[in-house]
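The next block holds one structure in the form of structure tokens; read it before the comments.
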């Protein structure tokens, strides 16, 4: 899962500003610290990851940074304090919704990590989402009852509670089937919202693969991990 985020700042404009500042101060060393007289690196203005606000290393990610592309190192969407060893099994996973719940799905993404594959559902709005995650046979769409078919030898269904149907002016994630370049997960069907629930069906390669579901904040996310298993 790679994510790149840039803040654009024209080099000519920065250089002109730095020369003007040097001319006003009359300093021979140009203020030090780089080609723009100590101007902040335009690529480090904002984080390229989805880390929780409680950073595990206690840094802000800017000290010692260079101006290379910022790429996700696979640590995004992690619970505070990490998640090793993998705390998962094949049993039903649940959490109750809490707070003034009003959530809208705005993004879904997948990724492969060392030891597991991951699905991330990102929401805007308020409250803490609830969910039921479990292995199911022959999943069907909420409301219509139509069968849901995904690649894989088994399916994990995660139903997220506390979500709403989008309004016409909302920026939201439309139902889609996501391919996964993973080892444990074959395909993901991200369904629509029906009566306050959003349904996600994960096609997995091994019906004995342990999985876990957890939530994160800032922004609100529901994360589904499926562990790699030996063939």
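Would you say residue 93 is modelled with pLDDT of 65 or more and crowded, with 18+ Cβ neighbours inside 10 Å? Before the answer, list the steps.
On the way: modelled with pLDDT of 65 or more: yes; crowded, with 18+ Cβ neighbours inside 10 Å: yes.
Taking the combined requirement at face value, the residue satisfies it.
If you go through segment 193-222 and keep only what is farther than 18 Å from residue 101 by Cβ and not in a loop (DSSP other than H, G, I, E, B), you end up with 201, 202, 203, 204, 211, 212. One residue alone among 182, 145 is assigned to a loop (DSSP other than H, G, I, E, B) and out of contact with any strand residue (DSSP E or B) (no Cβ under 8 Å at 6 or more places or on another chain), and that residue is 145. The numbered conditions (1) over 17 Å from residue 225 (Cα atoms); (2) surrounded by fewer than 20 Cβ atoms within 10 Å (Cβ to Cβ); (3) free of Cβ contacts under 8 Å to residues at least 60 places away in the same chain are all true for residue 134 except (1).
The values are calculated or read from the model by the stated rules, or taken from the named source; none is laboratory data. It should be emphasised that the depicted structure is a prediction, and the values quoted were computed from it without experimental measurement. Quick reminder, even Gly has a Cβ in these numbers, built from the backbone with ideal geometry, and neighbours come from all protein chains shown.
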